[in-house]
Amino acid sequence: MSQARSSSGATGRPLSPHLQIYRPLINMVMSILHRITGVALYFGTALLAWWLTAAAIGPEYFNFVSGIFGSVPGKIVLFGFTWALLHHMMGGIRHFIWDTCRGLDIENVKLLSMLTGIVSVVAAILIWAAVHLAG
Amino acid sequence: MNMRTPLKNVRSLGSAKEGADHFWMQRVTAVANLFLGLYLVWLIATLAGTEYATVKATLASPLNAILLILLIVSAAIHMRLGMQVVIEDYVHGEGAKIVCLLTNNFFAILVAASSIWAILKLSFGG
């Protein structure tokens with residue numbers, strides 16, 4: 001056993017390494033992304049609340065807020081929000097399938113995790129392309 | 001050996017008192033969010049690039065207003081529960097944890113209250 005004293009925590013005793021050791025498996029990555037997208041969406045709802053209150057306050061303020069959302073950095077944030085929403089949604093469906101005790105074997109776990117990752121990216125791109133093309 | 005009292009069997013509560021409730025509410029709001037969330041994406045996609053008058057009229061229409069209010073309530077509950085789990089996982093100092101949990105609740109309520117106010121104002125405010 002190696003002297004893994006890279007972190008010691010509150011008690012000062014050695015901890016076994018985890019992030020330094022584990023290869024990022026697809027189900028692991030999708031799981032932590034589910035949490036990360038959840039936290040991102042949590043703060044992102046403030047953006048929705050901002051947009052709605054701007055609409056309620058009046059046209060001048062709404063156009064100001066709309067301008068911010070329509071700017072390049074604004075659109076990048078919104079695209080990120082769209083992807084985060086879809087990824088968290090796909091992850092949620094994955095969890096629902098597992099809740100019914102289905103798909104818990106390793107092959108299906110890998111399949112569901114890969115679908116989560118791929119479908120969310122593809123759907124986000126498709127949605128934005130559709131809105132952009134529709135004008 | 002079963003250490004549970006008969007009362008606990010009847011109440012179906014675990015040690016956290018609300019764990020099963022938390023789990024179920026998360027699932028219920030997740031299902032609601034699935035449908036309402038897709039609706040929101042569609043709504044915003046149709047409103048993208050339109051002018052203020054169109055946005056106001058669309059948000060004020062009864063169907064959209066009702067669905068949006070339902071979405072906001074469901075999403076606020078879901079995000080509050082989700083963030084609670086994250087906080088409990090990572091924040092261990094008792095004082096810091098209580099502050100974070102309170103902030104979590106207040107943030108969710110603030111987002112919900114301001115969004116619902118906005119929708120009501122658009123619907124009834126003229």
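Touching a helix residue (DSSP H, G or I) at 6+ places or on another chain (Cβ under 8 Å), facing chain B (nearest Cβ under 9 Å), among the aromatic types (F, W, Y) and more than 21 Å from A:G117 (Cα to Cα): is that true of A:F62 in this structure?
It is true that A:F62 is touching a helix residue (DSSP H, G or I) at 6+ places or on another chain (Cβ under 8 Å), facing chain B (nearest Cβ under 9 Å), among the aromatic types (F, W, Y) and more than 21 Å from A:G117 (Cα to Cα).
Checking the structure you have, find out if any residue of region A:89-102 is under 30 Å from B:Y52 (Cβ atoms), crowded, with 19+ Cβ neighbours inside 10 Å, touching a residue at least 24 places away in the same chain (Cβ under 8 Å) and facing chain B (nearest Cβ under 8 Å).
Scanning region A:89-102, I find at least one residue that is under 30 Å from B:Y52 (Cβ atoms), crowded, with 19+ Cβ neighbours inside 10 Å, touching a residue at least 24 places away in the same chain (Cβ under 8 Å) and facing chain B (nearest Cβ under 8 Å), so the answer is yes.
Could you pull out every one of the helices (runs of 4 or more DSSP H) wholly within region A:1-120 that has 1 or more residues that are basic (K, R)?
So the answer is A:26-57, A:72-99.
For region B:61-80, what are the residues that are in contact (Cβ under 8 Å) with a residue 24 or more places away in the chain, more than 18 Å from A:A84 (Cβ to Cβ) and more than 9 Å from chain A (Cβ to nearest Cβ)?
B:P62, B:A65, B:L67, B:I69, B:L70, B:V73, B:I77
Restricting attention to region B:91-126, which residues are part of a loop (DSSP other than H, G, I, E, B) and either more than 25 Å from B:V55 (Cα to Cα) or modelled with pLDDT of 95 or more (or both)?
If the condition is that a residue be part of a loop (DSSP other than H, G, I, E, B) and either more than 25 Å from B:V55 (Cα to Cα) or modelled with pLDDT of 95 or more (or both), then B:V91, B:H92, B:G93 are the ones that fit.
Hey, among the residues in region B:1-51 that are hydroxyl-bearing (S, T, Y) and at pLDDT below 95, which one's farthest from B:L81 (Cα to Cα)? It would help to see each step written out before you state the result.
First, the residues of region B:1-51 that are hydroxyl-bearing (S, T, Y): B:5, B:12, B:15, B:29, B:39, B:46, B:50.
From what is left, the residues that are at pLDDT below 95 are B:5, B:12, B:15, B:46, B:50.
Working: B:T5: 29, B:S12: 20, B:S15: 17, B:T46: 30, B:T50: 35 Å.
Taking the candidates together, the pick is B:T50.
For region B:37-67, which residues satisfy the criterion of being of a type outside the set (G, A, S) and assigned to a loop (DSSP other than H, G, I, E, B)?
Step one: filter region B:37-67 for residues of a type outside the set (G, A, S), giving B:38-44, B:46-47, B:50-52, B:54-56, B:58-59, B:62-64, B:66-67.
Selection gives B:T50, B:E51.
Taking into account only those residues within region A:41-71 that are buried (at least 17 other Cβ atoms within 10 Å of the Cβ) and β-branched (V, I, T), which is farthest from B:A53 (Cα to Cα)?
Per the stated criteria, the residue is A:T45.
Looking at A:A84, A:A55, A:A130 in this structure, which one is within 20 Å of the chain's Cα centre (by Cα) and either within 26 Å of B:F107 (Cα to Cα) or modelled with pLDDT under 95 (or both)?
A:A84
The values are calculated or read from the model by the stated rules, or taken from the named source; none is laboratory data. The model shown is predicted, which means the values in this text are computed figures rather than measured ones. Note: ideal-geometry Cβ built from the backbone for every residue, glycine included; neighbour counts use all protein chains shown.
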